[in-house]
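A short write-up of the structure that comes next.
The values are calculated or read from the model by the stated rules, or taken from the named source; none is laboratory data. Every value quoted in this text rests on a predicted model; they were computed, and no experiment measured them. Cβ placement follows ideal geometry from the backbone for every residue including glycine, while neighbour counts extend to all protein chains displayed.
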Amino acid sequence: MTLPALAAAGTAGHSPAIEWLWVVVPALLLAGVLTRLWQRGSGRGLSRIADSLQRATGLPAWCAGGLLTGIWALIVGVIGFIWDVAWHIDFGRDTELFTVPHVLILTGLLGLGASGLFSIALATVERAPTAWHLGALRIPRGALALGVLSAGAALGFPLDDLWHATYGVDVTMWGPTHLMMIGGASLAPLALWLLHTEAGPDAGRPWMRRDARRHLAAATVIGLSTFQLEFDMGVPQWQALYQPVLIVLATSIALVAARVAFGRGWALLAAANFLVARGVLALVVGPGLGHVVPRFPLYLGIALVVEAGALLLPRLGTLRGALLMGLLVSTAGLATEWGFSQLWGRHPWQGSMLPRLWVALIAGLAGAVIGSALGNVVAHRRVGLHRAAILAALAGVLAALVVPVARTTTPVAAVMHTSPAGPQVPAVNRDGLSSPYQLMNVDLTLSPPDAAVGADWFELSSWQGGGSAQTPLVEDSPGHYHGAAPVPTGATWKTLVWLAKGPVMMATAVSFPADLQYGQGPVTPKPVQTVQFSASSSWLMRESHDGAVWPAVVAYTGLFSIAAVWIAVLLIGFASVSRSIATTKKPGLAAARPGLVAVG
């Protein structure tokens, strides 16, 4: 679609009836599979499905059923999530709550909870000897984790409504209520991995063991990579340092765990499956649904260094081996991502970032320790790491995430020149008011002249006009820049000059439409004007406004409390499996007491 056509498109037809097939078809597929399982089984009610699942997969029914429905929920949820982020970048805020992407996200999140309940129901019907129980209920560890993750993520929906009603519609992934929803789904693959692990080392038919490992390893990589999506889409709200830190965290945990758990080649296989899955999603959301194409990291270079580091593990011991892999991931592995960012990154990494990459080193060392511990438990081996090392690694992850939080401003002004680069095209803004569309050339003279030297990015960014674009600013002489191409103005387009330099995140407007709902007038290009840069968040989230303090307290308290509960439940679950492994190697130990407790 041409830029004028995009400008005229606005948000019209963003939920045509045919798009609801994305909701209906997955629901019918799941219903069809469950119906088929019921028909092929013996017994009554859930027992029929349990019998069919166990005969087909060789896994305990509570494990197979939880995996089947859990993976289905993850697929539905991730399609809705990436679609929703792309939609907001292209069109802005929603005009209705139940859009197709929102329904997919909610279905996926609630589906994760349903998969946990399904697993508990099957285990109870079969009277399975699960590690945890509460009265007659048999509760697999992974099933409880799925339920807790789903409940916490679903709580984000009503809190999100409260947040937006109080502070406006902030179009960002990283708001507290959005992070609750994203975080629950992102950690869910670990809960599914826990569910599969507690079925036992040899459970399942050979094809089932192979496919479950492959899908769960890939799902873990994808889940831990979701927090990078704003960088993949080209509209990150936080400093550039976060991208390498998030890449290192995702890979040092997920790829190290896959390699430690399953052996040679599995880090590469998990990375390759990640690329296939994200490639398919990019095609679906981009060309398929007509939105901005989400890009993604490569991970193959990191997988190679994980494989290399793992070869030295037997000679180094678990802790030193994990630290070696973490070091390799955050140095040689990250160097390959640096190169890939120059080829396909929305914002290629700059040399000025190098002195700050010690944060990624901390992330890599901490993540690899966690990944190594996780991999050993998944492989039904002892953790091999002292509890203090794991707690220190968790603290390292937290530190690596906190350091890049800072966002600052500095005094920067510019003389901005704009000139038409094409004819005006009749168009309207989101309120139906006349707002002619026109391509514009933009030139800037910065004060101070070196304000953009060493910037992570300095560009013209355009979005919410039915598409999005990043246009580089080319330096002609010290402090003087011109846009590498004309940029869209008018209609529903928002275009700004964006400067990111370490923690400095600033912007100034070129063109913004009026917004009657929030009482904001238009910003129209002028042939020449002096402009001041301000915090980029004030332009990227222009609809946000001040409000009462208590909703923010509720939202942030909810986020941090729920995240702590999620981590605790997963840690307790994997620790319980680890103790069970140790118990099987030491005959004669007492069994667990009745109640909601672990056998190990």
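Give segment 356-369 a look and list any residue that's part of a helix (DSSP H, G or I) and either touching a Ser or Thr at 6+ places or on another chain (Cβ under 8 Å) or within 17 Å of residue 402 (Cα to Cα) (or both), or say none.
Those that are part of a helix (DSSP H, G or I) and either touching a Ser or Thr at 6+ places or on another chain (Cβ under 8 Å) or within 17 Å of residue 402 (Cα to Cα) (or both): 356, 358, 359, 360, 361, 362, 363, 364, 365, 366, 367, 368.
Can you find a residue in segment 181-194 that is surrounded by fewer than 20 Cβ atoms within 10 Å (Cβ to Cβ) and hydroxyl-bearing (Ser, Thr, Tyr)?
We begin by selecting, within segment 181-194, every residue surrounded by fewer than 20 Cβ atoms within 10 Å (Cβ to Cβ); these are none.
Checked against the condition, which is being surrounded by fewer than 20 Cβ atoms within 10 Å (Cβ to Cβ) and hydroxyl-bearing (Ser, Thr, Tyr), segment 181-194 yields no hits at all.
Is one or more of the residues making up segment 120-128 part of a helix (DSSP H, G or I), touching a Pro at 6+ places or on another chain (Cβ under 9 Å) and either free of Cβ contacts under 8 Å to residues at least 60 places away in the same chain or in the same structural domain as residue 518 (by TED's automatic domain parsing) (or both)?
Scanning segment 120-128, I find at least one residue that is part of a helix (DSSP H, G or I), touching a Pro at 6+ places or on another chain (Cβ under 9 Å) and either free of Cβ contacts under 8 Å to residues at least 60 places away in the same chain or in the same structural domain as residue 518 (by TED's automatic domain parsing) (or both), so the answer is yes.
Is there a residue being over 23 Å from residue 85 (Cα atoms), part of a helix (DSSP H, G or I) and not polar (S, T, N, Q) anywhere in segment 292-300?
Taking every residue of segment 292-300 in turn, at least one turns out to be over 23 Å from residue 85 (Cα atoms), part of a helix (DSSP H, G or I) and not polar (S, T, N, Q).
Take segment 186-225 and flag every residue that is touching a Ser or Thr at 6+ places or on another chain (Cβ under 7 Å), at pLDDT below 95 and part of a helix (DSSP H, G or I).
Once the filter is applied, which keeps residues that are touching a Ser or Thr at 6+ places or on another chain (Cβ under 7 Å), at pLDDT below 95 and part of a helix (DSSP H, G or I), segment 186-225 yields only 208.
Output the residues belonging to segment 240-291 that are touching a His at 6+ places or on another chain (Cβ under 9 Å) and under 30 Å from residue 502 (Cβ atoms).
Within segment 240-291, 240, 243 meet the criteria.
Might you let me know whether segment 106-114 holds any residue that is farther than 21 Å from residue 223 by Cα, buried (at least 24 other Cβ atoms within 10 Å of the Cβ) and modelled with pLDDT of 95 or more?
Within segment 106-114, not a single residue is farther than 21 Å from residue 223 by Cα, buried (at least 24 other Cβ atoms within 10 Å of the Cβ) and modelled with pLDDT of 95 or more.
Can you confirm whether residue 51 is among the acidic types (Asp, Glu), free of Cβ contacts under 8 Å to residues at least 60 places away in the same chain, in contact with a helix residue (DSSP H, G or I) (Cβ under 6 Å, 6 or more places away or on another chain) and not assigned by TED's automatic domain parsing to the domain that holds residue 468?
no
Is it the case, given these coordinates, that residue 565 is within 24 Å of the chain's Cα centre (by Cα) and either farther than 30 Å from residue 159 by Cα or not assigned by TED's automatic domain parsing to the domain that holds residue 242 (or both)?
When the stated conditions are applied, residue 565 passes them.
Filter segment 370-394 for residues that are more than 21 Å from the chain's Cα centre (by Cα), among the aliphatic types (A, V, I, L, M), over 12 Å from residue 256 (Cβ atoms) and assigned to a helix (DSSP H, G or I) and give the result.
Answer for segment 370-394, where residues must be more than 21 Å from the chain's Cα centre (by Cα), among the aliphatic types (A, V, I, L, M), over 12 Å from residue 256 (Cβ atoms) and assigned to a helix (DSSP H, G or I): 377, 388, 389, 390, 391, 392.
If I ask for residues that are in a helix (DSSP H, G or I) and buried (at least 20 other Cβ atoms within 10 Å of the Cβ), which ones from segment 161-177 would you list? Working first, answer last.
Filtering segment 161-177 for residues in a helix (DSSP H, G or I) gives 161-167, 176-177.
Listed by number, the residues that qualify are 163, 177.
Let me spell it out: the conditions are (1) modelled with pLDDT under 90; (2) in contact with a helix residue (DSSP H, G or I) (Cβ under 7 Å, 6 or more places away or on another chain); (3) surrounded by fewer than 20 Cβ atoms within 10 Å (Cβ to Cβ), and residue 154 meets all of them except one. Which number is the exception?
(1)
What's the number of the only condition in (1) assigned to a helix (DSSP H, G or I); (2) surrounded by fewer than 23 Cβ atoms within 10 Å (Cβ to Cβ); (3) of a type in the set (Gly, Ala, Ser) that residue 252 fails to meet?
(2)
Find all pairs meeting these conditions: Cβ atoms under 7 angstrom apart; at least six residues apart or on different chains; first residue within segment 286-312 and under 30 Å from residue 18 (Cβ atoms); second residue charged (D, E, K, R) and surrounded by 15 or more Cβ atoms within 10 Å (Cβ to Cβ).
Partner pairs satisfying both residue conditions: 291/90; 292/90; 294/232; 295/232; 295/346; 296/232; 296/278.
Taking residue 196, is it out of contact with any strand residue (DSSP E or B) (no Cβ under 7 Å at 6 or more places or on another chain), in the same structural domain as residue 62 (by TED's automatic domain parsing) and in contact (Cβ under 8 Å) with a residue 40 or more places away in the chain?
It is true that residue 196 is out of contact with any strand residue (DSSP E or B) (no Cβ under 7 Å at 6 or more places or on another chain), in the same structural domain as residue 62 (by TED's automatic domain parsing) and in contact (Cβ under 8 Å) with a residue 40 or more places away in the chain.
For residue 434, all conditions in the list (1) within 30 Å of residue 96 (Cα to Cα); (2) touching a helix residue (DSSP H, G or I) at 6+ places or on another chain (Cβ under 9 Å) hold save one; what is the number of the exception?
Going through (1) within 30 Å of residue 96 (Cα to Cα); (2) touching a helix residue (DSSP H, G or I) at 6+ places or on another chain (Cβ under 9 Å) one by one, residue 434 breaks only (2).
Against the definition (surrounded by fewer than 18 Cβ atoms within 10 Å (Cβ to Cβ), in contact with a strand residue (DSSP E or B) (Cβ under 8 Å, 6 or more places away or on another chain), farther than 16 Å from residue 69 by Cβ and not small (Gly, Ala, Ser)), how does residue 127 come out, yes or no?
Spelling it out, residue 127 is indeed surrounded by fewer than 18 Cβ atoms within 10 Å (Cβ to Cβ), in contact with a strand residue (DSSP E or B) (Cβ under 8 Å, 6 or more places away or on another chain), farther than 16 Å from residue 69 by Cβ and not small (Gly, Ala, Ser).
In segment 23-45, what residues are modelled with pLDDT of 85 or more and surrounded by 19 or more Cβ atoms within 10 Å (Cβ to Cβ)?
26, 37
Starting from residues that are buried (at least 22 other Cβ atoms within 10 Å of the Cβ) and within 15 Å of residue 313 (Cα to Cα), keep the ones in segment 371-384 and report whichever is modelled with the lowest pLDDT.
Among those residues, the one meeting the criterion is 383.
Any idea which of (1) over 23 Å from residue 257 (Cβ atoms); (2) of a type in the set (Phe, Trp, Tyr); (3) buried (at least 22 other Cβ atoms within 10 Å of the Cβ) is the one residue 338 doesn't satisfy?
Against the list (1) over 23 Å from residue 257 (Cβ atoms); (2) of a type in the set (Phe, Trp, Tyr); (3) buried (at least 22 other Cβ atoms within 10 Å of the Cβ), residue 338 comes up short only on (3).
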